[in-house]
Amino acid sequence: MTSLILTVVGPDRPGLVKALSDVVARHDANWLEGEMAQLAGQFAGIVHVQAPIESVEALSADLDGLKAQKLYVHVTHSPEADSADLRGTRLYELELIGLDRPGIVRDLAKALATRSINVAKLKTLTESAPMSGELMFKATASLHAPEDTSHDDLHDALDQLADDLDLDLSLNVATPQAG
């Protein structure tokens, strides 16, 4: 078996996940995990599948055939996914909320990258505040930090960033999920 990462995008409509999952199943591939969303009228997603090595070429060709349905799938071979190892890292969960403005994600990403912290998952959205109607920015992230990262130092650095950007911040050590 080999790991494949599928990135998917196309105009949103009912049946897209079915079309994608039908192709995956037809080639005896196993759909392990994924995230999908409707964004600005488009369906977008990323999926991790494991497929028998001998079916990867045919699977890729059939996924490419979804273009006829305006569903565009890019296949990336990911042997790294087969041996993903989080030893030597500490997991954190981060939440940010505040008034929206350009540059929040850039500034957060810079603060994390300078500390060798990997963003494993990031979800952002904007929505109107209930009372004022102002546009609010919200982010949740799962982070992998080097094991020797000081929680207090990381919290202080991100708290300073949150103060500079006028955001509320929550940073917690994550509890590993059972696999």
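The values are calculated or read from the model by the stated rules, or taken from the named source; none is laboratory data. Since the model is a prediction, treat every value here as computed from it, not as a measurement. Glycine also receives a Cβ, built like all others from the backbone with ideal geometry; neighbour counts cover every protein chain displayed.
Results, tabulated for the structure shown:
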{"quantity": "Conditions (1) in contact with a Leu (Cβ under 8 Å, 6 or more places away or on another chain); (2) assigned to a loop (DSSP other than H, G, I, E, B): number failed by P130", "calculated": "(1)"}
{"quantity": "Identity of the residue in the stretch 86-107, charged (D, E, K, R) and part of a strand (DSSP E or B), that ends up modelled with the lowest pLDDT", "calculated": "R90"}
{"quantity": "Residue pairs meeting the criteria (Cβ under 6 Å; at least 6 apart or on separate chains; first over 15 Å from V75 (Cβ atoms), in the stretch 11-35; second among the charged types (D, E, K, R) and loosely packed, with under 14 Cβ neighbours inside 10 Å)", "calculated": "P11/K70"}
{"quantity": "Qualifying residue in the stretch 75-92 (condition: surrounded by 12 or more Cβ atoms within 10 Å (Cβ to Cβ) and more than 28 Å from I117 (Cβ to Cβ))", "calculated": "yes"}
{"quantity": "Residue in the stretch 130-149 that is nearest to E95 (Cα to Cα), counting only those that are of a type outside the set (D, E, K, R) and surrounded by fewer than 12 Cβ atoms within 10 Å (Cβ to Cβ)", "calculated": "P130"}
{"quantity": "Among the residues listed as T140, T76, T149, T124, the single one being in contact with a Ser or Thr (Cβ under 9 Å, 6 or more places away or on another chain) and not in a strand (DSSP E or B)", "calculated": "T149"}
{"quantity": "Residues of the stretch 152-170 satisfying the condition of being part of a strand (DSSP E or B) and either modelled with pLDDT under 90 or surrounded by fewer than 19 Cβ atoms within 10 Å (Cβ to Cβ) (or both)", "calculated": "D168, S170"}
{"quantity": "Among (1) without any contact (Cβ under 8 Å) to a residue 24 or more places away in the chain; (2) in a strand (DSSP E or B) - the single one K110 does not satisfy", "calculated": "(2)"}
